[in-house]
Amino acid sequence: MLPLDPVRIRELFPAFSEPSLKDQAFFENAGGSYTARPVIDLLENYYHALKVQPYGVYPASQAAGEAMNLAYDRVAAALNVTADWIHFGPSTSANTYVLGNAFAGWLKPGDAIVVTNQDHEANTGAWRKLANHGVEVREWQVDPETGCLDLAALDALLDAKVRVIAAPHCSNIAGEINPVAEIASRAKSVNAVTVIDGVSYAPHGLPDLKALGADIYLFSAYKTYGPHQGIMAVRPSLASSLPNQGHFFNEAKPRYRLTPAGPDHAQIAASAGIADYLEAVAAIAGNNVEGADPFRRAHAAMRAQEIALLTPLLDWVRSRNNLRVIGPTDPAQRAPTLALALPEPGAMVAARLARHGIMAAGGNFYAWRLLKALGIDPNHGVLRLSFVHYTTPEEVARLITALEAEIT
């Protein structure tokens with residue numbers, strides 16, 4: 001039983017009526033999702049009617065600013081925080097880089113930070129560079145067999161010197177959903193800040209940040225059915241204490257302090273469509289799921305849908321003794337981002353799957369350190385199969401048939 005009707009969900013995505021994509025099953029969603037119609041409609045309207053400098057004195061300029069303000073409000077509501085948490089930037093990698101520079105002026109020599117080797121490089125490289133400023137970098141290492149993180153290993157790294165813990169909500173290779181609330185609780189116990197990379201988790205349902213307790217949460221709008229931008233939620237008290245990264249004369253403006261290069265105004269405004277889409281998902285789910293508001297119901301429905309779709313694929317993987325799957329094999333403990341370590345490079349297998357109408361990818365996906373920890377050559381890479389709630393059971397069955405034909 002699926003909580004979401006795939007037909008109704010797919011009606012909200014123009015890509016599924018695009019002739020050039022007919023009969024193509026999209027299994028590279030971890031690289032970027034299809035864009036929802038509410039987002040496209042807002043983007044088109046902004047470019048048609050509001051493509052002027054916002055926040056001015058004339059009507060079109062005022063309307064442009066109001067459209068952007070709405071996006072801050074709507075994205076904040078979806079994350080269960082206030083609008084002063086939200087910052088838009090050109091990408092999550094760029095946002096993290098700016099944050100790293102800000103923390104370089106906030107931390108003191110001798111302070112310690114904890115990073116993982118499970119991360120995409122964007123959420124570990126920027127923090128590791130703080131070693132150049134006298135900051136001690138401690139690595140929370142994965143299990144070399146499974147690629148998973150153990151909280152006991154984190155506990156062994158914590159003391160009064162630790163000021164920052166940077167970790168992924170979900171690995172883009174291992175697929176493991178990490179216990180962010182427990183990580184944040186441990187951080188608070190030593191008076192540390194928690195920075196969570198949510199890029200690989202957010203497509204499967206925007207989280208309730210109040211419940212998670214993280215101080216900073218980053219994700220990519222283009223992987224959550226929106227435009228190509230990065231969104232970061234930063235606890236306002238922390239944001240105001242970090243050194244200004246923008247122009248000196250904008251220091252008093254919270255939205256300018258952590259985004260030195262302003263992103264496209266139209267794309268900011270269009271991001272309100274992400275929240276519109278999630279509300280549509282909740283409406284389609286109806287009484288099939290529970291939640292305190294439409295965003296929590298959308299999250300519950302998306303996760304339930306994905307677990308149901310992932311189960312037969314994991315069952316097939318477990319039935320094969322020549323496949324190494326990275327991360328948990330319980331579909332409830334992971335996102336539907338499945339990496340397979342194969343004798344031949346993942347990209348070669350992905351090329352053959354394309355002949356079956358399966359859109360997938362192979363490589364290291366910027367998780368270089370994780371693959372090295374697992375004993376996998378990053379240049380060899382893995383085959384990654386990733387999907388979201390709009391994937392259908394028939395597409396999963398097609399994928400399994402194609403894998404049986406192409407993996408000997």
Evaluate the Kirkwood expression for the hydrodynamic radius of segment 254-408, namely the inverse of the mean inverse distance over all pairs of different C-alpha atoms, and round to one decimal in Å. 17.9
For S200, residues with placed amide H under 5 Å, excluding near neighbours: C170
For segment 236-294, what does the relative contact order come out to in percent, with C-alpha contacts under 8 Å and a separation of six or more? 20
Over all pairs of different Cα atoms in the chain, the reciprocal of the mean inverse distance gives a Kirkwood radius in Å of 21.8
Considering only segment 187-240, percent of DSSP beta bridges that pair antiparallel, nearest 5: 60
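For segment 1-77, what relative contact order do you get, as a whole percent, if you take Cα pairs closer than 8 Å and at least 6 residues apart?
Numbers: 40 pairs, mean separation 13.4, N = 77.
So the answer I get is 17 percent.
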Can you grab the distance from the C-alpha centre of segment 355-408 to the C-alpha centre of segment 71-111, Å, no decimals? 31
For segment 1-82, accessible area per residue (1.4 Å probe, heavy atoms of protein chains only), Å²: 54
Per DSSP H run of n ≥ 4, the term is -39500 (n - 2.57); total these for the chain, divide by its residue number, and report the mean residue ellipticity at 222 nm rounded to 500 deg cm²/dmol. -12000 deg cm²/dmol
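Scan segment 354-408 for trypsin sites (Lys or Arg not before Pro) in coil per DSSP, keeping those whose Cβ has at most 10 other Cβ atoms within 10 Å, and list them by number. Before the final figure, lay out each step's value.
Working: sites: R355, R369, K372, R384, R398; in loops: R355.
Answer by residue number: R355.
Run the numbers for R8 and M348: contour at 0.36 nm per residue of separation, minus the present Cα-Cα distance, in nm.
Details: separation 340, 0.36 × 340 = 122.40 nm, distance 3.46 nm.
Stretched out fully, the R8 to M348 stretch lengthens by 118.9 nm.
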Step through the residues of segment 339-347 one at a time and calculate ³J(HN,Hα) from phi using the Karplus curve (6.51 cos²θ - 1.76 cosθ + 1.60, θ = phi - 60°), rounding each to whole Hz and writing x for Gly and Pro. 9, 10, 8, 10, x, 9, x, x, 5
The chain: antiparallel bridges as % of DSSP beta bridges, rounded to 5, reads 50
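Can you run the Rg to Rh ratio on segment 1-130? Use alpha carbon positions and the Kirkwood inverse-distance Rh. Mind showing how you got there, number by number?
Numbers: Rg = 20.1 Å, Rh = 18.9 Å.
Radius of gyration relative to Kirkwood radius: 1.06.
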Would you look at the GNM of the chain, springs on alpha carbons closer than 10 Å, and say which of S386, S200, S91 moves the most? S91
Cβ neighbours within 10 Å, averaged per peptide: list 333-341, 101-109 in order, most packed at the top. 333-341, 101-109
Spacing of the two label points (7 Å from each Cα toward its C-beta) at L323 and H48, in nm: 4.5
What order, most packed first, do the peptides 290-301, 267-278 have when packing is the mean number of other Cβ atoms within 10 Å of each residue? 267-278, 290-301
Would you list which lysines come within 21 Å of K161, measuring only between C-alpha atoms, while excluding same-chain residues fewer than 8 positions from it? K108, K129, K188
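Just how large is the dipole of the chain about the Cα centre, in debye to the nearest 20, putting +1 at every Lys and Arg Cβ and -1 at every Asp and Glu Cβ? Don't jump to the answer; show the numbers that get you there.
Numbers: 33 positive and 40 negative charges, 123 e Å.
So the dipole magnitude of the chain works out to roughly 600 debye.
May I ask you to order 36-45, 57-66 by the average number of other C-beta atoms within 10 Å around their residues, highest value first? Before the final figure, lay out each step's value.
Working: 36-45: 19.2, 57-66: 14.0.
My ranking of the peptides, most packed first, is 36-45, 57-66.
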Is there a pair in K22/K210; K51/K223; K51/K253; K223/K253; K210/K372 whose C-alpha atoms are over 32 Å apart, and which pairs would that be? K22/K210; K210/K372
Starting from the Cα of D293, step 7 Å toward the Cβ, then list every residue of segment 215-243 with an amide N under 20 Å from that point. 215-221, 224-226, 231-237
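The values are calculated or read from the model by the stated rules, or taken from the named source; none is laboratory data. Treat the numbers as computed from the prediction; the structure is a model and nothing was measured. Ideal geometry is used to build each Cβ from the backbone, glycine not excepted, and the neighbour counts take in all protein chains shown. Surface areas here come from the heavy atoms of the whole protein model, side chains and all, with no ligands, DNA or RNA. Shrake-Rupley method; radii C 1.70, N 1.55, O 1.52, S 1.80 Å.
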